[in-house]
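Below is one structure, written out as structure tokens; the observations come after it.
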Amino acid sequence: MSATSHQFDLIINLARRNFFLQFRGSLLGLLWPLLLPIIQLMVFVFLFQRVVPLGIENYPAFVYTALLPWNWFSVSVLSAGNLFLAHRDLVRRPNFTPSTLAVVSALTNLLTYLVALPVVLVLLAISGRAITWTVLLLPLIMFIQAILIVGISLFIATWNVFYRDVQHIASVAVMLLFYLTPVFYSLNNVRREYRVPFTLNPMAGLVQAYRAVLYDGAVPDWDGLFVAGIIAIAAFGIGYLSYRREIQEVYDFL
């Protein structure tokens, strides 16, 4: 077996193990990946259809198509700080590549996304919206998001070993970024003079792309997706270079 094949098998097995370990000992088990986003959805629907109505058609499907990828991103980034600290024995193993943990984390949370994805299809069917050929673009959008997540995770995981404030700063950043990502509202309602931060937010472009191919059944805005892709590649480059530069110090600290 080649080294590449061994690494791939290791990533798949670790991701599968981590995914099922999340729900070991719970009564509902694999129902949790379905229930948690549905509960979030119910809160958004109550707030923005009843309390402060936004007037968005088929609001449950509108929100859910964006909520799932946002959860994939936020959970991955928020857990990145402990990737090396919580797996220090694994990190210090001679034949183990620590950066693998960032890929495993992203893949584990992607599995959670995929488990909940059928609910999107149900909501779309209820709202009378048909799935079109544009759904075939989902792997491309997911790949861009995975690159973004792995890059950010590597950066946070590396520097949080030396400065534990990094994890707290990341938590604040994710909280603020949520409000700059059109999950529960439409970007069309944002005034043009305030759209620059949304353009520079890769998750805004990705969420818009997910919503386009699923909710609208249309081709995504290629310009927005291109910008998200460039930022994702830049984030990956910065994260990986930080990791490569500091990994020896990480070993010493751990």
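The values are calculated or read from the model by the stated rules, or taken from the named source; none is laboratory data. Because the structure is a prediction, the values reported are computed rather than measured. Glycine gets a Cβ as well: all are built from the backbone with ideal geometry, and neighbour counts include every protein chain shown.
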Exercise. Taking interchain pairs and intrachain pairs at least six residues apart, which have beta carbon atoms under 7 angstrom, with the first residue in the stretch 80-101 and touching a residue at least 60 places away in the same chain (Cβ under 8 Å) and surrounded by fewer than 17 Cβ atoms within 10 Å (Cβ to Cβ) and the second assigned to a helix (DSSP H, G or I) and aromatic (Phe, Trp, Tyr)?
Worked result: ARG92/TYR251
For this session: May I ask you to list the residues in the stretch 229-254 that are farther than 26 Å from ILE144 by Cβ and among the β-branched types (Val, Ile, Thr)?
Result: VAL250
For this session: Please verify whether the stretch 113-120 includes one or more residues that are closer than 26 Å to GLY224 by Cα, outside any helix (DSSP H, G or I) and touching a residue at least 40 places away in the same chain (Cβ under 8 Å).
Result: no
Seminar exercise, completed: Those residues of the stretch 11-48 that are modelled with pLDDT under 85 and either assigned to a loop (DSSP other than H, G, I, E, B) or more than 16 Å from TYR113 (Cβ to Cβ) (or both) come to a total of 14
Exercise. Of everything in the stretch 168-183 that's in contact (Cβ under 8 Å) with a residue 40 or more places away in the chain and not in a helix (DSSP H, G or I), which residue is surrounded by the most Cβ atoms within 10 Å (Cβ to Cβ)?
Worked result: THR181
Problem set entry | Enumeration of residues in the stretch 49-69 that are farther than 30 Å from ILE147 by Cβ and assigned to a helix (DSSP H, G or I) | GLN49, ARG50, VAL51, TYR59
For this session: Select from the stretch 197-254 the residues that are under 25 Å from ASN160 (Cα atoms), surrounded by fewer than 18 Cβ atoms within 10 Å (Cβ to Cβ) and aromatic (Phe, Trp, Tyr) and write down the one among them that is nearest to the chain's Cα centre (by Cα).
Result: TYR240
